[in-house]
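Notes follow once the structure below has been shown.
The values are calculated or read from the model by the stated rules, or taken from the named source; none is laboratory data. This structure is a prediction, so every number in the text was calculated from the model and none was measured. Don't worry about glycine lacking a Cβ; one is built from the backbone with ideal geometry, like all the others, and counts go over all protein chains shown. When the accessible area is computed, the model is the full protein with side chains, heavy atoms only, and any ligands, DNA or RNA have been set aside. Shrake-Rupley method; radii C 1.70, N 1.55, O 1.52, S 1.80 Å.
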Amino acid sequence: MTKCKYSLCRIVFLFILISSALSLHAQRLEKGIDSLILKDFKDPNGPGGVFMVSRKGKPIYQKAVGKANLELGDNLSTENVFELGSMTKQFTAVAILMLEQAGKLKVEDPVLKYIPDYPNGEKITIHHLLTHTSGIKDFTKMKALSDIAQREMTPKMMVDFFKNEPVDFAPGEKFEYNNSGYVLLGYLIEIISGVHYEDFIKNQIFDKVGMSRSYYASDRKVINQRAYGYHKKESGYVNKTMISFSVPFSSGSLMSTASDMLKWQMALNCHLLLDAKETNKAFSKYKLNNGTEYTYGYGWHIRDIDGTPTREHGGSIFGFKTMAVYIPDEDIYVIGLSNCDCNSPTKLIGDIAGFVLKGVKEKRW
């Protein structure tokens, strides 16, 4: 009986030791990430950001700093909905690959196959659009953009807006980040699938993944827990510039939460939407015509942190900046969503990812 009591005491003691160690690790992790965030997001009464770190599909850090709405004084929460900007491109790229998986297109197909009157369309492929190597004019660099920024545009109208502009280079000659290519991809999704881009993303991705707090952006729709976007001027913060979301369209018009974006990452990991072959296409590096490799797959930058591979993408749209880094070797996902375009989380999320990765490798948490 005494021996059993002694064994039970040892078990309880070990449990307390392990729990204390885990608690200490969690405190160190939180303190370290907090200190990184507070270097950039210093104003508790201004717009701020939501940050999340997950490991093996489970959040190990979540925090919101700053205000969701300055006029009402509402604090941000980890469940606020943010405009994603160019992180939208991930969803557009996966939608294209889903259509390829269904046998409805091939990424090697020329644009001409689906849009017969597209200039140089016999040489520009879907692959070129996905990898920013098409050479077509980026509409965000066109002076005439201000003329349509608040106009309701159909996808065809958007494509017609830039398609006759002189190309910047021949397809496959250079990598140059290009929003027009992703608008064109959204138009192709509509032509090939027969449904609106917004509906395709909702029905085929959001609903299947369980992303119930994710939307095609709208300033008119009532969206619960919306984070309002801001600019910072010399006089202080001002409400974001209004645009028609039909302009950025499939290059930058989705909204989501940090927790929904974790669901998205998990869905990619477990091949809920794409099989292994199609998934590998999204996360591969490709080469230019001259054989030079560039670090962009389909909708993601393919980079590394001190030699450890990463998949990354950020976003920027009036009033918002976003960034996410995924480290596949350790199943670490780090995301930051900011509701002021004065606060870019790009470097910060990289720093957090590096901090967490180092701690994991050193077995500190």
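Points to keep in mind about this one:
- Any hit, segment 131-139, residues being among the acidic types (Asp, Glu), surrounded by 15 or more Cβ atoms within 10 Å (Cβ to Cβ) and either assigned to a loop (DSSP other than H, G, I, E, B) or within 22 Å of the chain's Cα centre (by Cα) (or both): yes
- Residue 320 vs. criteria under 23 Å from residue 38 (Cβ atoms) and open to solvent by 20 Å² or more (accessible area, probe 1.4 Å): no
- Within segment 233-246, the set of residues being in contact with a strand residue (DSSP E or B) (Cβ under 9 Å, 6 or more places away or on another chain) and touching a residue at least 40 places away in the same chain (Cβ under 8 Å) comprises 237, 239, 240, 241, 243.
- Residues located in segment 329-353, provided they are open to solvent by less than 40 Å² (accessible area, probe 1.4 Å), assigned to a loop (DSSP other than H, G, I, E, B) and either of a type in the set (A, V, I, L, M) or modelled with pLDDT of 95 or more (or both): 339, 345
- Of residues in segment 61-76 being crowded, with 19+ Cβ neighbours inside 10 Å and among the hydrophobic types (A, V, I, L, M, F, W, C), the one nearest to residue 223 (Cα to Cα): 68
- Among the residues of segment 35-59, those identified as in contact (Cβ under 8 Å) with a residue 40 or more places away in the chain and in a strand (DSSP E or B) are 47, 49, 50, 51, 52, 53, 54, 55, 59.
- Members of segment 247-296 that are in contact (Cβ under 8 Å) with a residue 24 or more places away in the chain, open to solvent by 10 Å² or more (accessible area, probe 1.4 Å) and small (Gly, Ala, Ser): 259
- Residue within segment 329-344 that is closer than 22 Å to residue 210 by Cβ and more than 12 Å from the chain's Cα centre (by Cα) present: yes
- Qualifying residue in segment 162-173 (condition: surrounded by fewer than 23 Cβ atoms within 10 Å (Cβ to Cβ), under 26 Å from residue 142 (Cα atoms) and β-branched (Val, Ile, Thr)): yes
- Search result, residues across segment 51-68 that are touching a Gly at 6+ places or on another chain (Cβ under 7 Å) and of a type in the set (Val, Ile, Thr): 65
- Some residue of segment 303-322 being touching a strand residue (DSSP E or B) at 6+ places or on another chain (Cβ under 8 Å), farther than 25 Å from residue 214 by Cα and acidic (Asp, Glu): yes
- Residues within segment 146-161 that are in contact (Cβ under 8 Å) with a residue 24 or more places away in the chain and either in contact with a His (Cβ under 7 Å, 6 or more places away or on another chain) or open to solvent by less than 60 Å² (accessible area, probe 1.4 Å) (or both), tallied: 6
- Note on segment 199-256: enclosed strands (runs of 3 or more DSSP E) holding 3 or more residues that are more than 19 Å from the chain's Cα centre (by Cα) are 230-233, 236-239.
- The residues on offer are 122, 79, 176, and the sole one that is part of a loop (DSSP other than H, G, I, E, B) and open to solvent by 70 Å² or more (accessible area, probe 1.4 Å) is 122.
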